[in-house]
1. Is there any pair linking a residue in region 163-176 that is without any contact (Cβ under 8 Å) to a residue 40 or more places away in the chain to one that is open to solvent by 40 Å² or more (accessible area, probe 1.4 Å) and assigned to a loop (DSSP other than H, G, I, E, B), with Cβ under 7 Å and at least six apart or on different chains, and which?
2. Looking at Ile210, Ile183, which is the one that is within 16 Å of the ligand (Cβ to nearest atom) and either among the charged types (D, E, K, R) or part of a helix (DSSP H, G or I) (or both)?
3. Within region 83-108, which residues are open to solvent by less than 20 Å² (accessible area, probe 1.4 Å) and hydrophobic (A, V, I, L, M, F, W, C)?
4. Would you point out which residue out of Glu67, Glu72, Glu85 is more than 16 Å from the ligand (Cβ to nearest atom), of a type in the set (D, E, K, R) and touching a Lys or Arg at 6+ places or on another chain (Cβ under 7 Å)?
5. Pairs under 9 Å by beta carbon, first residue touching a residue at least 40 places away in the same chain (Cβ under 8 Å) in region 1-18, partner more than 7 Å from the ligand (Cβ to nearest atom) and not in a strand (DSSP E or B), six or more apart or different chains?
6. Taking the condition of a type in the set (Val, Ile, Thr) and buried (at least 21 other Cβ atoms within 10 Å of the Cβ), does Ile41 pass?
7. Filter region 1-22 down to the residues that are surrounded by 10 or more Cβ atoms within 10 Å (Cβ to Cβ) and more than 22 Å from Glu57 (Cα to Cα), then identify the one that is farthest from the ligand (Cβ to nearest atom).
Amino acid sequence: CVIRCSGTFYDKNGRFLTKQVEYETVWAHGGNCGIDDLDAIAQIDRLDDDFGIDTIEMGATIAVAMEAGVAEFGDAQAAINLVKEVGKGSDIGRILGNGAAVTGKVFGVERVPVVKNQSMPAYDPRTVQGIGVTYATTTMGADHTAGYAVATNLLGIGGTVDPLKPEGQVELSKNLQIATAAIDSTGMCVFIAFAILDQADTFQALLDLINGFAGANLTADDVNALGMKVLKMERKFNAEAGLTNKDDRLPDYFKKEPLPPHNVTFGVTDEELDQVHNY
Ligand code: SF4
């Protein structure tokens, strides 16, 4: 890929430790757990990879375990030891290995940042409310890649929508989820979305590429229709698996506890969330 977003990470002695630690991993195992030692974070990243566990989920799980008092907030060595327990398959390791939702239930933690039992990534939905709508309503759980409203809320890509206010977030997330479902189904990496959202020529180039490859004649409207079709199929699958609109919600504390320094709560109502997939 010409974007080449990956790299390699070396420890303090110059020895290869792991692949370049990604943004989400640095947040999940770093700031989210009060850990500021990048070498420790890279070590945990390597353990996650070796054990086949997702770094966002494991970072949230360790943070929930810290909230429960299983380890001290900010204790890097304790975090490393807990991840090693997952690899061993010990009793505590099996609890943690089941993710943040299960860990929260086992230890009676109230503030567990999950939707549909999947952990939230690096963006707090109170201060990036568009991504909060995506977390709540995407078919997969709290997945930022399914409708990356951060791009518009914080980076001004594809327009501007105030991240701290509920207005405009449902429409933003809806359009992004539709576009992303379409892009995902082409097999393209989601990172091309930045370019195609902001440049009409680049979006047309994607259409030309798909049409040339598949012998098709897709237009922009067809891409939109494709995204909606995919999302409807996914939601049908979820409905048949027993999920309802009650599962399209954020945990309550995001609506009750203001987040400093902006001191805002998540302001998009349940009724508004139910409109995201109304197309
Ligand atoms: S395909 Fe996507 S994830 Fe892979 S290197 Fe390119 S931009 Fe990065």
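The values are calculated or read from the model by the stated rules, or taken from the named source; none is laboratory data. If you're wondering where the values come from, they're calculated on a predicted model, not measured in any experiment. For neighbour counting, all protein chains shown are included, and Cβ atoms are generated from backbone atoms with ideal geometry for every residue, glycine included. The protein model used for the area step is the full one, side chains on, heavy atoms only, and it has no ligands, DNA or RNA in it. Shrake-Rupley method; radii C 1.70, N 1.55, O 1.52, S 1.80 Å.
1. Pro163/Leu154
2. Values: Ile210 fails: within 16 Å of the ligand (Cβ to nearest atom).
Exactly one of Ile210, Ile183 is within 16 Å of the ligand (Cβ to nearest atom) and either among the charged types (D, E, K, R) or part of a helix (DSSP H, G or I) (or both), namely Ile183.
3. First, the residues of region 83-108 that are open to solvent by less than 20 Å² (accessible area, probe 1.4 Å): 83, 93, 96, 99-101, 103-104.
Selection gives Val83, Leu96, Ala100, Ala101.
4. Values: Glu72 fails: touching a Lys or Arg at 6+ places or on another chain (Cβ under 7 Å); Glu85 fails: touching a Lys or Arg at 6+ places or on another chain (Cβ under 7 Å).
Matching residue, one of Glu67, Glu72, Glu85: Glu67.
5. These pairs meet every condition: Ile3/Ile192; Cys5/Gln20; Cys5/Glu22.
6. Numbers: of a type in the set (Val, Ile, Thr): yes; buried (at least 21 other Cβ atoms within 10 Å of the Cβ): yes.
When the stated conditions are applied, Ile41 passes them.
7. Residue satisfying both the conditions and the ranking: Asp11.
Let's see how each residue does on (1) without any contact (Cβ under 8 Å) to a residue 40 or more places away in the chain; (2) outside any helix (DSSP H, G or I); (3) among the small types (Gly, Ala, Ser); (4) open to solvent by 50 Å² or more (accessible area, probe 1.4 Å):
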residue	(1), (2), (3), (4)
Arg111	no, yes, no, yes
Tyr123	yes, yes, no, no
Thr127	no, yes, no, no
Gly132	no, no, yes, no
Ala136	no, no, yes, no
Gly141	yes, yes, yes, no
Tyr148	no, yes, no, yes
Ala151	no, no, yes, no
Thr160	yes, yes, no, yes
